[in-house]
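Have a look at the structure below, then the notes.
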Amino acid sequence: MCLCTNSNILVIDQCEENNGGCEDLCIFVPSRMTSYCSCENIVKSSIGADKKTCVCPDETNWIKMGKACSRNFFIFAKILINEKAVNPCAYDNGGCEDECHYLNPGEHECECTMENSELSEDGKSCVCLPQYSKVGEICFGKFPNSRIFIPKQTNNIFF
């Protein structure tokens with residue numbers, strides 16, 4: 001579209017063709033015979049260094065989704081996955097059977113808090129002390145000439 005001023009000078013609207021090359025809005029200023037791009041319609045965005053595209057606040061944590069900048073949930077998912085490397089206890093209890101203690105980023109230590117138990121050689125699972133036997137989740141003392149009887153219909157243990 002051409003606009004003519006009182007002095008018959010031809011002014012060409014630079015936004016007419018291909019939106020002036022702007023990603024969002026092209027604003028034509030006839031009095032200055034120029035145009036500029038704006039990102040008013042893309043929420044939380046601003047004009048990029050090229051003065052044509054719209055960018056999100058921090059391109060690593062934000063992404064453009066349609067007409068808005070949104071938090072990049074893929075980045076946050078990656079952070080959660082990497083949390084395992086930062087604090088191993090935060091994921092699957094660090095592989096520990098009982099307690100997991102965070103020491104430093106990427107470092108942890110397992111502990112067995114069950115009475116009469118200790119940490120096994122693998123550093124993760126718990127075993128009963130030599131004089132005890134594990135029944136379910138409990139380490140019972142071994143008594144000479146005794147038998148452990150577990151009736152099928154109950155989970156009660158009788159000596």
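Every read-out reported here was derived from the displayed coordinates using simple, explicitly stated rules and does not represent laboratory data. Worth saying up front: this structure is predicted, and the values here are computed from it rather than measured. Ideal geometry is used to build each Cβ from the backbone, glycine not excepted, and the neighbour counts take in all protein chains shown.
Just a few scattered comments:
- Residue order for Glu111, Glu40, fewest other beta carbons within 10 angstrom first, comes to Glu40, Glu111.
- Linear extension gain, Asp122 paired with Asn93, 0.36 nm per residue minus alpha-carbon span: 8.9 nm
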